[in-house]
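Here the structure is laid out as structure tokens; the discussion comes afterwards.
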Amino acid sequence: MTAAIGPTWRGNLVAANAWSSSHGLSHIGDGQHVGFINDFYDDEGWWALAWIAVYDLNHDSKYLDQAVTIFNDLEAAWNSTPVGGLWWNKKHEYVNAITNELYFSIAAHLANRCPDDRERYINSAQAAWRWLFSSGIFTSQRNVKDGLAVGSNPGATEIVWSYNQGVVLSALTELSAATFQDLYIGIAKLIADAALANLTSADGNEDAVATLRDPCEAEMWCGIDGATFKGVFARNLAHLHSVSPEDRYAEFLRNNADALWTRSRDQYNRLGLVCGGPFTEPAGASTRTTNWLSKYMDKRINGSNKDRSEA
């Protein structure tokens, strides 16, 4: 859901308000998992950030309250794994990066929006960052690995996905604002620069411009989730850039938007999986995410009025 929050989210806000008003946030679910609480802590984390983003747009406290409710469920499970941090799910199958990054980001966001509990959320965010930093989830090149070999069904722990490099950037940016410490911005830039150095490639690009890549692109199929990863990274890098601008970030985002539009688009204006092209079927989630990504980067970085039609 958070992948949709950007230029297109204001248009969806009316629908979100109508949905929650008619059903009540705390009662939405499938009958077993209500109030956006389910068996996967990472799912809960995405929902919490989504409702915080809605709150930022309409200032209706019910959305912030829902994010707090979700965070409370995550917080209750904090430090419950053999190595600390959070499990990926409630079956204790895996300790992965994204779940712990989401927890970190939610806490940091709430610290800037819940003044009565500011210190509580700052403490939670700092604890999450200390865990991430010391857990071994960072490579020697400052990239975030997918996770740790802990649990009954650990994933491909050593793989480096773009979205894992992105969520932590906004978390650190929000923590910097909450604590008035620029140190966290500096750390975020080290992580962002490592991603730009190690997760990009100019291979196959006629103009030799490096574009963001994910490991699954070698097979030209990243599934529904993987096709959205680069959008998560770009949105969070743009957030860091909006707080502490760097020409290299603006150039990177602009180049990726231009590459998408010129080399990874078909006759129906659908955008493909690989930023540097060529366009390949199926478009699916990659079209929705990269189309949003292209529009978002133009508005945030260029202020461009180019007509990039939605698929």
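Leaving ligands, DNA and RNA out of it, report the carbon-plus-sulfur percent of the accessible area of the stretch 132-191 at a 1.4 Å probe.
That fraction is 56 percent.
Where only protein heavy atoms count, and the probe is 1.4 Å, what is the accessible area per residue for the stretch 75-138 in Å²?
Numbers: 2500 Å² over 64 residues.
Computed with neighbouring chains in place, this is 39 Å² per residue.
Take the eigenvalues of the Cα gyration tensor for the stretch 96-189, scale each by 5, and report the square roots as semi-axes in whole Å, largest first.
Equivalent ellipsoid semi-axes, largest first: 24, 14, 10 Å.
Mind checking the per residue accessible area of the stretch 157-255 for me, 1.4 Å probe, whole number of Å²?
Numbers: 4020 Å² over 99 residues.
Accessible area per residue: 41 Å².
The values are calculated or read from the model by the stated rules, or taken from the named source; none is laboratory data. Computed from a predicted structure; not experimentally measured. With ligands, DNA and RNA removed, areas are computed over all heavy atoms of the protein, side chains included. Shrake-Rupley method; radii C 1.70, N 1.55, O 1.52, S 1.80 Å.
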